[in-house]
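**Q** Can you keep this structure in mind? I'll have questions shortly.
The values are calculated or read from the model by the stated rules, or taken from the named source; none is laboratory data. These figures come from a predicted structure and were not determined experimentally. Using ideal geometry, Cβ is built from the backbone for each residue, glycine included, and neighbour counts are taken over all protein chains shown.
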Amino acid sequence: MIIKLEDIIDLDYLIGKDEALSSEGDIRVREEKDKKIFDQSRETCRTDKALLLSWLEARRQEFFREKEVKGVSLLPGRVFSSLYSFMVYAMVFFGGITGLSLAWSFLAYHGTRPVNVALFIFLFILLQVVLITITVFLLIKRHLMIRSEKGFFKDSIIHTLLSFLFFNVLPEFLKKTDWRIVKKGADTLEYTSTLIRMKNREYSELFFWPFFILTSVFSFSFATSTLIGTFFRVIISDMAFGWQSTLMTTSIKIHQLVSLIALPWSWFMPESLAYPTLEQIEGSRIILKDGISVLATQDLVSWWPFLCLGIFFYAVLPRTVMMVAGIVSQTRVLRHFNLDRPVFRALMIQMPHDSQTAAQETFILVPGKVYSDGAMDKIAQTIKIRLFFDVKEIFRISVDPEQDSEVFNRLGKSGIDQVVLVHEVWQPPIRGLLYYIRQLKSAMPEKGLLWILLTQDAGQENLCVDENDADFEIWKKAVFTLGDPGIKVRRL
(Lines give C-alpha, C1' and ligand atoms only; values in the text may rest on other atoms or scores of the structure.)
Protein backbone atom coordinates (compact mmCIF):
# COMPACT_ATOMS: atom_id res chain seq x y z
CA MET A 1 0.00 0.00 0.00
CA ILE A 2 1.62 3.26 -1.18
CA ILE A 3 0.64 6.46 0.55
CA LYS A 4 0.29 9.45 -1.77
CA LEU A 5 1.80 12.89 -1.31
CA GLU A 6 -1.74 14.23 -1.33
CA ASP A 7 -2.51 11.97 1.64
CA ILE A 8 0.52 13.16 3.63
CA ILE A 9 -0.38 16.81 3.10
CA ASP A 10 -3.97 16.19 4.24
CA LEU A 11 -2.79 14.13 7.23
CA ASP A 12 -0.51 16.91 8.39
CA TYR A 13 -3.26 19.48 7.89
CA LEU A 14 -6.01 17.60 9.72
CA ILE A 15 -3.77 16.56 12.61
CA GLY A 16 -2.65 20.18 12.90
CA LYS A 17 -6.27 21.28 13.18
CA ASP A 18 -6.74 18.82 16.04
CA GLU A 19 -3.61 20.04 17.82
CA ALA A 20 -4.94 23.59 17.61
CA LEU A 21 -8.03 22.71 19.68
CA SER A 22 -8.03 24.69 22.93
CA SER A 23 -11.12 23.85 24.95
CA GLU A 24 -11.21 20.63 26.93
CA GLY A 25 -14.67 19.87 25.55
CA ASP A 26 -13.50 20.06 21.93
CA ILE A 27 -10.51 17.88 22.74
CA ARG A 28 -12.69 15.22 24.35
CA VAL A 29 -15.12 15.23 21.43
CA ARG A 30 -12.22 14.83 18.98
CA GLU A 31 -10.76 11.92 20.96
CA GLU A 32 -14.11 10.16 21.03
CA LYS A 33 -14.50 10.57 17.26
CA ASP A 34 -11.00 9.17 16.69
CA LYS A 35 -11.73 6.16 18.88
CA LYS A 36 -14.95 5.60 16.95
CA ILE A 37 -12.94 5.60 13.72
CA PHE A 38 -10.65 2.98 15.25
CA ASP A 39 -13.58 0.79 16.29
CA GLN A 40 -14.88 0.87 12.73
CA SER A 41 -11.46 0.09 11.23
CA ARG A 42 -9.96 -2.45 13.64
CA GLU A 43 -11.19 -5.47 11.70
CA THR A 44 -9.58 -4.45 8.40
CA CYS A 45 -6.59 -2.34 9.50
CA ARG A 46 -3.68 -4.28 10.95
CA THR A 47 -0.84 -1.83 10.25
CA ASP A 48 -0.09 1.77 11.14
CA LYS A 49 -0.29 2.83 7.50
CA ALA A 50 -3.66 1.18 6.97
CA LEU A 51 -5.05 2.74 10.14
CA LEU A 52 -3.76 6.19 9.24
CA LEU A 53 -5.30 6.01 5.78
CA SER A 54 -8.58 4.80 7.27
CA TRP A 55 -8.52 7.68 9.75
CA LEU A 56 -7.71 10.09 6.93
CA GLU A 57 -10.61 8.91 4.79
CA ALA A 58 -13.01 9.27 7.72
CA ARG A 59 -11.69 12.73 8.54
CA ARG A 60 -11.99 13.81 4.91
CA GLN A 61 -15.64 12.83 4.88
CA GLU A 62 -16.16 14.63 8.17
CA PHE A 63 -14.40 17.71 6.84
CA PHE A 64 -16.75 18.01 3.87
CA ARG A 65 -19.79 17.50 6.08
CA GLU A 66 -18.93 20.29 8.49
CA LYS A 67 -21.24 23.21 7.85
CA GLU A 68 -19.14 25.57 9.94
CA VAL A 69 -16.22 25.50 7.49
CA LYS A 70 -16.35 28.93 5.91
CA GLY A 71 -14.82 29.58 2.54
CA VAL A 72 -12.95 26.28 2.42
CA SER A 73 -14.36 23.23 0.71
CA LEU A 74 -11.15 21.61 -0.56
CA LEU A 75 -8.35 20.04 1.44
CA PRO A 76 -4.78 21.18 0.73
CA GLY A 77 -3.74 17.82 -0.70
CA ARG A 78 -6.37 18.07 -3.43
CA VAL A 79 -5.42 21.67 -4.17
CA PHE A 80 -1.73 20.78 -4.41
CA SER A 81 -2.44 17.78 -6.63
CA SER A 82 -4.61 19.80 -9.02
CA LEU A 83 -2.15 22.66 -9.30
CA TYR A 84 0.71 20.22 -9.77
CA SER A 85 -1.09 18.55 -12.67
CA PHE A 86 -1.66 21.98 -14.18
CA MET A 87 2.05 22.77 -13.80
CA VAL A 88 3.03 19.52 -15.54
CA TYR A 89 0.91 20.45 -18.56
CA ALA A 90 2.32 23.98 -18.44
CA MET A 91 5.89 22.64 -18.45
CA VAL A 92 5.08 20.42 -21.44
CA PHE A 93 3.52 23.34 -23.31
CA PHE A 94 6.14 25.99 -22.60
CA GLY A 95 9.04 23.56 -23.00
CA GLY A 96 7.65 22.44 -26.34
CA ILE A 97 6.97 25.96 -27.60
CA THR A 98 10.41 27.18 -26.50
CA GLY A 99 12.31 24.30 -28.10
CA LEU A 100 10.30 24.37 -31.30
CA SER A 101 10.58 28.14 -31.70
CA LEU A 102 14.31 28.16 -31.04
CA ALA A 103 15.04 25.31 -33.46
CA TRP A 104 12.73 26.71 -36.14
CA SER A 105 14.24 30.19 -36.02
CA PHE A 106 17.82 28.91 -35.82
CA LEU A 107 17.34 26.69 -38.88
CA ALA A 108 16.07 29.55 -41.04
CA TYR A 109 17.96 29.13 -44.31
CA HIS A 110 18.15 31.98 -46.80
CA GLY A 111 19.99 30.23 -49.62
CA THR A 112 23.31 31.99 -49.15
CA ARG A 113 24.06 31.32 -45.49
CA PRO A 114 24.05 27.63 -44.52
CA VAL A 115 23.23 26.67 -40.95
CA ASN A 116 26.35 26.86 -38.79
CA VAL A 117 26.92 23.28 -37.61
CA ALA A 118 29.32 24.26 -34.82
CA LEU A 119 26.85 26.71 -33.28
CA PHE A 120 24.00 24.21 -33.66
CA ILE A 121 26.01 21.52 -31.85
CA PHE A 122 26.89 23.98 -29.08
CA LEU A 123 23.32 25.17 -28.47
CA PHE A 124 21.33 21.97 -28.87
CA ILE A 125 23.81 19.23 -27.93
CA LEU A 126 26.85 20.44 -25.99
CA LEU A 127 24.90 22.86 -23.79
CA GLN A 128 22.41 20.10 -22.96
CA VAL A 129 25.28 17.78 -22.02
CA VAL A 130 26.72 20.44 -19.70
CA LEU A 131 23.35 21.06 -18.00
CA ILE A 132 22.67 17.36 -17.57
CA THR A 133 26.17 16.79 -16.15
CA ILE A 134 25.67 19.60 -13.63
CA THR A 135 22.29 18.16 -12.62
CA VAL A 136 23.73 14.68 -12.11
CA PHE A 137 26.63 16.12 -10.10
CA LEU A 138 24.26 18.05 -7.83
CA LEU A 139 22.06 14.99 -7.35
CA ILE A 140 25.08 12.91 -6.34
CA LYS A 141 26.26 15.65 -4.00
CA ARG A 142 22.82 15.93 -2.45
CA HIS A 143 22.66 12.16 -1.95
CA LEU A 144 26.09 12.06 -0.30
CA MET A 145 25.26 14.97 1.99
CA ILE A 146 22.05 13.34 3.16
CA ARG A 147 23.74 9.97 3.72
CA SER A 148 26.60 11.56 5.66
CA GLU A 149 24.02 13.56 7.68
CA LYS A 150 26.04 16.74 7.16
CA GLY A 151 22.91 18.61 6.34
CA PHE A 152 20.25 18.90 3.71
CA PHE A 153 21.15 20.04 0.26
CA LYS A 154 19.62 23.41 -0.50
CA ASP A 155 17.14 23.68 -3.32
CA SER A 156 18.54 24.93 -6.60
CA ILE A 157 17.63 28.30 -8.08
CA ILE A 158 15.36 26.51 -10.56
CA HIS A 159 13.55 24.67 -7.74
CA THR A 160 13.13 27.93 -5.83
CA LEU A 161 11.78 29.65 -8.94
CA LEU A 162 9.33 26.81 -9.62
CA SER A 163 8.14 26.92 -6.01
CA PHE A 164 7.56 30.67 -6.34
CA LEU A 165 5.65 30.17 -9.59
CA PHE A 166 3.63 27.33 -8.07
CA PHE A 167 2.53 29.06 -4.87
CA ASN A 168 2.55 32.73 -5.83
CA VAL A 169 2.31 33.47 -9.55
CA LEU A 170 0.10 30.55 -10.65
CA PRO A 171 -2.67 31.01 -8.02
CA GLU A 172 -2.87 34.74 -8.76
CA PHE A 173 -3.17 34.00 -12.46
CA LEU A 174 -5.80 31.31 -11.99
CA LYS A 175 -7.85 33.49 -9.66
CA LYS A 176 -8.58 35.73 -12.63
CA THR A 177 -9.92 32.72 -14.52
CA ASP A 178 -12.28 31.95 -11.61
CA TRP A 179 -10.99 28.35 -11.51
CA ARG A 180 -12.86 26.31 -8.90
CA ILE A 181 -9.75 24.73 -7.37
CA VAL A 182 -8.15 28.07 -6.54
CA LYS A 183 -11.38 29.82 -5.60
CA LYS A 184 -12.41 27.19 -3.07
CA GLY A 185 -8.97 26.21 -1.89
CA ALA A 186 -7.18 29.53 -1.39
CA ASP A 187 -6.72 29.09 2.37
CA THR A 188 -5.56 25.51 2.13
CA LEU A 189 -3.17 26.44 -0.69
CA GLU A 190 -1.56 28.94 1.65
CA TYR A 191 -1.27 26.18 4.25
CA THR A 192 0.48 23.88 1.76
CA SER A 193 2.92 26.63 0.84
CA THR A 194 3.69 27.16 4.52
CA LEU A 195 4.01 23.40 5.02
CA ILE A 196 6.69 23.14 2.35
CA ARG A 197 8.61 26.17 3.61
CA MET A 198 8.46 25.38 7.33
CA LYS A 199 8.81 21.59 7.14
CA ASN A 200 11.19 21.31 4.23
CA ARG A 201 13.76 19.62 6.46
CA GLU A 202 11.30 17.06 7.76
CA TYR A 203 9.69 16.36 4.38
CA SER A 204 12.69 17.26 2.20
CA GLU A 205 12.57 14.09 0.09
CA LEU A 206 8.83 14.33 -0.47
CA PHE A 207 8.87 17.85 -1.87
CA PHE A 208 12.21 17.71 -3.68
CA TRP A 209 11.30 15.11 -6.29
CA PRO A 210 8.00 16.65 -7.49
CA PHE A 211 9.78 19.87 -8.43
CA PHE A 212 12.69 17.92 -9.88
CA ILE A 213 10.18 16.09 -12.07
CA LEU A 214 8.74 19.43 -13.22
CA THR A 215 12.16 20.64 -14.36
CA SER A 216 12.76 17.31 -16.08
CA VAL A 217 9.40 17.50 -17.86
CA PHE A 218 10.23 20.99 -19.15
CA SER A 219 13.71 19.89 -20.30
CA PHE A 220 12.36 16.74 -21.93
CA SER A 221 9.67 18.70 -23.75
CA PHE A 222 12.24 21.28 -24.87
CA ALA A 223 14.66 18.64 -26.20
CA THR A 224 11.93 16.61 -27.90
CA SER A 225 10.40 19.63 -29.63
CA THR A 226 13.88 20.68 -30.75
CA LEU A 227 14.37 17.29 -32.36
CA ILE A 228 10.92 17.34 -33.96
CA GLY A 229 11.42 20.90 -35.19
CA THR A 230 14.79 20.08 -36.71
CA PHE A 231 13.53 16.94 -38.41
CA PHE A 232 10.38 18.63 -39.71
CA ARG A 233 12.40 21.60 -40.99
CA VAL A 234 14.67 19.24 -42.92
CA ILE A 235 11.69 17.46 -44.48
CA ILE A 236 9.83 20.54 -45.73
CA SER A 237 12.81 22.76 -46.57
CA ASP A 238 15.89 22.59 -48.73
CA MET A 239 18.38 22.84 -45.86
CA ALA A 240 22.13 23.31 -46.09
CA PHE A 241 24.60 22.78 -43.25
CA GLY A 242 28.18 23.92 -43.26
CA TRP A 243 31.08 24.74 -40.99
CA GLN A 244 33.78 27.35 -40.89
CA SER A 245 36.46 28.44 -38.48
CA THR A 246 38.78 31.38 -38.09
CA LEU A 247 41.30 28.94 -36.73
CA MET A 248 43.02 26.70 -39.24
CA THR A 249 41.16 23.57 -38.12
CA THR A 250 41.59 20.71 -40.55
CA SER A 251 38.79 18.56 -41.87
CA ILE A 252 40.50 15.52 -40.35
CA LYS A 253 40.18 16.95 -36.82
CA ILE A 254 36.52 17.78 -37.41
CA HIS A 255 35.97 14.24 -38.65
CA GLN A 256 37.63 12.82 -35.55
CA LEU A 257 35.46 15.01 -33.34
CA VAL A 258 32.15 14.08 -34.96
CA SER A 259 33.10 10.38 -34.98
CA LEU A 260 33.75 10.66 -31.24
CA ILE A 261 30.39 12.36 -30.68
CA ALA A 262 28.68 9.63 -32.73
CA LEU A 263 30.03 6.75 -30.63
CA PRO A 264 26.66 6.06 -28.89
CA TRP A 265 24.97 5.20 -32.20
CA SER A 266 27.70 4.62 -34.80
CA TRP A 267 28.06 0.95 -33.81
CA PHE A 268 24.61 0.05 -35.13
CA MET A 269 23.85 2.79 -37.66
CA PRO A 270 25.00 2.70 -41.30
CA GLU A 271 28.11 4.81 -41.75
CA SER A 272 26.34 7.00 -44.28
CA LEU A 273 23.81 8.05 -41.57
CA ALA A 274 25.90 7.90 -38.43
CA TYR A 275 28.02 10.96 -39.27
CA PRO A 276 29.45 12.75 -42.31
CA THR A 277 32.44 11.19 -44.03
CA LEU A 278 35.75 12.98 -44.29
CA GLU A 279 34.97 13.93 -47.89
CA GLN A 280 31.55 15.31 -46.91
CA ILE A 281 33.09 17.33 -44.10
CA GLU A 282 35.67 18.77 -46.45
CA GLY A 283 32.95 19.44 -49.01
CA SER A 284 30.80 21.38 -46.51
CA ARG A 285 33.53 23.70 -45.30
CA ILE A 286 32.60 27.30 -46.06
CA ILE A 287 35.28 29.72 -47.16
CA LEU A 288 34.00 33.29 -47.24
CA LYS A 289 35.83 34.39 -50.40
CA ASP A 290 34.49 31.40 -52.33
CA GLY A 291 30.90 31.41 -51.04
CA ILE A 292 28.74 28.27 -51.22
CA SER A 293 28.24 28.03 -54.96
CA VAL A 294 31.29 25.79 -55.24
CA LEU A 295 29.98 23.34 -52.60
CA ALA A 296 28.11 20.17 -53.53
CA THR A 297 24.51 19.77 -52.31
CA GLN A 298 25.06 16.21 -51.08
CA ASP A 299 27.83 17.47 -48.78
CA LEU A 300 25.75 20.36 -47.42
CA VAL A 301 22.83 18.08 -46.51
CA SER A 302 24.97 15.25 -45.08
CA TRP A 303 24.95 16.72 -41.58
CA TRP A 304 21.26 16.49 -40.69
CA PRO A 305 21.13 12.78 -39.63
CA PHE A 306 24.13 13.35 -37.34
CA LEU A 307 22.55 16.44 -35.78
CA CYS A 308 19.18 14.75 -35.19
CA LEU A 309 20.82 11.68 -33.69
CA GLY A 310 22.98 13.94 -31.50
CA ILE A 311 19.89 15.69 -30.11
CA PHE A 312 18.21 12.35 -29.45
CA PHE A 313 21.13 10.61 -27.72
CA TYR A 314 22.55 13.60 -25.82
CA ALA A 315 19.36 15.50 -24.96
CA VAL A 316 16.12 13.59 -25.42
CA LEU A 317 17.29 10.21 -24.11
CA PRO A 318 19.11 11.53 -20.99
CA ARG A 319 16.17 13.80 -20.17
CA THR A 320 13.84 10.82 -20.48
CA VAL A 321 16.03 8.83 -18.11
CA MET A 322 16.12 11.69 -15.59
CA MET A 323 12.37 12.20 -15.76
CA VAL A 324 11.71 8.49 -15.21
CA ALA A 325 14.34 8.41 -12.44
CA GLY A 326 12.55 11.29 -10.70
CA ILE A 327 9.21 9.48 -10.88
CA VAL A 328 10.76 6.24 -9.61
CA SER A 329 12.55 8.10 -6.79
CA GLN A 330 9.33 9.83 -5.73
CA THR A 331 7.53 6.48 -5.72
CA ARG A 332 10.33 4.92 -3.67
CA VAL A 333 10.26 7.78 -1.14
CA LEU A 334 6.50 7.43 -0.71
CA ARG A 335 6.75 3.62 -0.43
CA HIS A 336 9.35 3.93 2.34
CA PHE A 337 7.80 6.96 3.99
CA ASN A 338 8.42 6.73 7.71
CA LEU A 339 5.20 7.05 9.66
CA ASP A 340 7.08 7.03 12.96
CA ARG A 341 7.09 10.82 13.12
CA PRO A 342 5.97 13.19 15.87
CA VAL A 343 3.10 14.52 13.79
CA PHE A 344 1.61 11.01 13.42
CA ARG A 345 2.84 9.23 16.54
CA ALA A 346 0.44 10.79 19.02
CA LEU A 347 -2.52 9.89 16.82
CA MET A 348 -1.35 6.27 16.55
CA ILE A 349 -0.83 5.93 20.28
CA GLN A 350 -4.25 7.28 21.22
CA MET A 351 -5.91 4.58 19.09
CA PRO A 352 -4.58 1.26 20.49
CA HIS A 353 -4.51 -1.47 17.87
CA ASP A 354 -2.57 -4.51 16.73
CA SER A 355 0.31 -2.54 15.19
CA GLN A 356 3.70 -1.96 16.73
CA THR A 357 2.87 1.49 18.09
CA ALA A 358 2.42 1.55 21.84
CA ALA A 359 2.49 4.04 24.69
CA GLN A 360 6.02 5.13 25.49
CA GLU A 361 7.89 6.33 28.51
CA THR A 362 9.35 9.80 28.74
CA PHE A 363 11.56 11.96 30.94
CA ILE A 364 10.47 15.48 31.87
CA LEU A 365 13.05 18.23 32.30
CA VAL A 366 12.09 21.45 34.09
CA PRO A 367 14.23 24.47 35.02
CA GLY A 368 15.21 24.47 38.72
CA LYS A 369 12.43 25.18 41.15
CA VAL A 370 10.36 27.27 38.75
CA TYR A 371 7.38 24.93 38.78
CA SER A 372 5.77 23.74 41.98
CA ASP A 373 5.07 20.07 42.60
CA GLY A 374 1.38 20.71 42.08
CA ALA A 375 2.03 22.40 38.73
CA MET A 376 4.25 19.50 37.66
CA ASP A 377 1.51 17.02 38.52
CA LYS A 378 -0.85 18.90 36.22
CA ILE A 379 1.77 19.11 33.47
CA ALA A 380 2.56 15.41 33.75
CA GLN A 381 -1.12 14.57 33.54
CA THR A 382 -1.51 16.79 30.46
CA ILE A 383 1.47 15.09 28.81
CA LYS A 384 -0.14 11.73 29.40
CA ILE A 385 -3.45 12.90 27.95
CA ARG A 386 -2.19 14.90 24.97
CA LEU A 387 1.10 13.20 24.03
CA PHE A 388 0.20 9.79 25.44
CA PHE A 389 3.53 9.37 27.27
CA ASP A 390 3.98 7.70 30.64
CA VAL A 391 6.19 9.97 32.71
CA LYS A 392 9.02 7.86 34.11
CA GLU A 393 10.95 10.57 35.94
CA ILE A 394 11.12 14.35 36.35
CA PHE A 395 14.53 16.07 36.37
CA ARG A 396 15.14 19.52 37.81
CA ILE A 397 17.78 21.10 35.56
CA SER A 398 19.93 24.24 35.63
CA VAL A 399 19.70 24.82 31.86
CA ASP A 400 23.50 24.67 31.62
CA PRO A 401 25.11 21.80 29.63
CA GLU A 402 28.05 21.42 32.02
CA GLN A 403 26.01 21.41 35.20
CA ASP A 404 23.44 19.08 33.65
CA SER A 405 26.02 16.63 32.27
CA GLU A 406 24.84 13.85 34.61
CA VAL A 407 21.28 14.29 33.35
CA PHE A 408 22.54 14.15 29.76
CA ASN A 409 24.45 10.94 30.48
CA ARG A 410 21.36 9.45 32.09
CA LEU A 411 19.29 10.27 29.02
CA GLY A 412 21.82 8.68 26.67
CA LYS A 413 22.06 5.45 28.65
CA SER A 414 18.36 5.08 29.44
CA GLY A 415 17.28 4.11 25.93
CA ILE A 416 14.23 6.37 26.24
CA ASP A 417 13.75 8.25 23.00
CA GLN A 418 11.10 10.71 24.20
CA VAL A 419 12.09 13.72 26.32
CA VAL A 420 9.88 16.66 27.24
CA LEU A 421 11.51 19.97 28.15
CA VAL A 422 9.03 22.21 29.99
CA HIS A 423 9.68 25.94 29.76
CA GLU A 424 7.88 29.23 30.27
CA VAL A 425 6.80 30.73 26.96
CA TRP A 426 7.48 34.34 27.94
CA GLN A 427 11.22 33.74 28.28
CA PRO A 428 12.70 34.32 24.82
CA PRO A 429 14.74 31.51 23.23
CA ILE A 430 18.07 33.35 23.30
CA ARG A 431 21.27 31.94 21.84
CA GLY A 432 22.35 30.26 25.09
CA LEU A 433 19.03 28.50 25.49
CA LEU A 434 19.04 27.30 21.88
CA TYR A 435 22.57 25.98 22.40
CA TYR A 436 21.34 24.05 25.43
CA ILE A 437 18.50 22.56 23.39
CA ARG A 438 20.96 21.41 20.71
CA GLN A 439 23.21 19.81 23.32
CA LEU A 440 20.24 18.13 24.97
CA LYS A 441 19.07 16.71 21.65
CA SER A 442 22.55 15.41 20.80
CA ALA A 443 22.69 13.58 24.15
CA MET A 444 19.51 11.65 23.32
CA PRO A 445 19.35 8.49 21.18
CA GLU A 446 19.84 9.16 17.46
CA LYS A 447 16.15 8.88 16.53
CA GLY A 448 14.91 10.39 19.78
CA LEU A 449 12.32 13.17 19.86
CA LEU A 450 12.66 16.25 22.00
CA TRP A 451 9.38 17.93 22.82
CA ILE A 452 9.51 21.52 24.08
CA LEU A 453 6.32 22.08 26.06
CA LEU A 454 5.65 25.76 26.66
CA THR A 455 3.53 27.10 29.51
CA GLN A 456 2.52 30.47 30.86
CA ASP A 457 4.32 32.03 33.83
CA ALA A 458 4.76 29.25 36.40
CA GLY A 459 3.25 31.51 39.04
CA GLN A 460 -0.10 31.68 37.28
CA GLU A 461 -2.91 29.32 38.08
CA ASN A 462 -3.71 28.77 34.42
CA LEU A 463 -0.57 27.60 32.60
CA CYS A 464 -2.20 27.08 29.20
CA VAL A 465 -0.78 28.93 26.20
CA ASP A 466 -3.07 30.32 23.53
CA GLU A 467 -2.52 29.17 19.95
CA ASN A 468 -2.01 32.76 18.74
CA ASP A 469 0.33 33.73 21.57
CA ALA A 470 3.07 35.98 20.13
CA ASP A 471 5.75 34.41 22.34
CA PHE A 472 4.69 30.96 21.14
CA GLU A 473 5.24 32.06 17.53
CA ILE A 474 8.70 33.37 18.43
CA TRP A 475 9.59 30.00 19.96
CA LYS A 476 8.43 28.10 16.87
CA LYS A 477 10.48 30.27 14.54
CA ALA A 478 13.58 30.08 16.76
CA VAL A 479 13.45 26.28 17.06
CA PHE A 480 12.87 26.03 13.32
CA THR A 481 16.24 27.68 12.72
CA LEU A 482 17.93 24.77 14.52
CA GLY A 483 17.15 22.63 11.47
CA ASP A 484 16.36 19.48 13.45
CA PRO A 485 13.02 17.78 12.63
CA GLY A 486 13.40 15.77 15.85
CA ILE A 487 12.70 18.86 17.98
CA LYS A 488 9.04 19.76 18.32
CA VAL A 489 7.43 22.78 19.98
CA ARG A 490 4.11 22.31 21.71
CA ARG A 491 2.00 24.48 24.00
CA LEU A 492 0.27 23.38 27.15
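**Q** Restricting to the stretch 416-434, name every residue that is out of contact with any Ser or Thr (no Cβ under 7 Å at 6 or more places or on another chain) and not polar (S, T, N, Q). Spell out the reasoning first.
**A** So in the stretch 416-434, the residues out of contact with any Ser or Thr (no Cβ under 7 Å at 6 or more places or on another chain) come out as 417, 421, 423, 426-434.
Correct list: Asp417, Leu421, His423, Trp426, Pro428, Pro429, Ile430, Arg431, Gly432, Leu433, Leu434.
**Q** Of the conditions (1) within 30 Å of Phe344 (Cβ to Cβ); (2) at pLDDT 85 or above; (3) out of contact with any helix residue (DSSP H, G or I) (no Cβ under 8 Å at 6 or more places or on another chain), Leu56 fails just one. Which one is it?
**A** Unmet for Leu56, out of (1) within 30 Å of Phe344 (Cβ to Cβ); (2) at pLDDT 85 or above; (3) out of contact with any helix residue (DSSP H, G or I) (no Cβ under 8 Å at 6 or more places or on another chain): (3).
**Q** At least 2 residues that are closer than 13 Å to Ile311 by Cβ in each: list the helices (runs of 4 or more DSSP H) lying fully within the stretch 213-282 that qualify.
**A** In the stretch 213-282, the matching helices (runs of 4 or more DSSP H) lie at 263-266.
**Q** Hey, any hits in the stretch 95-109 for a residue that's surrounded by 12 or more Cβ atoms within 10 Å (Cβ to Cβ), at pLDDT 90 or above and among the aromatic types (Phe, Trp, Tyr)?
**A** No: zero hits.
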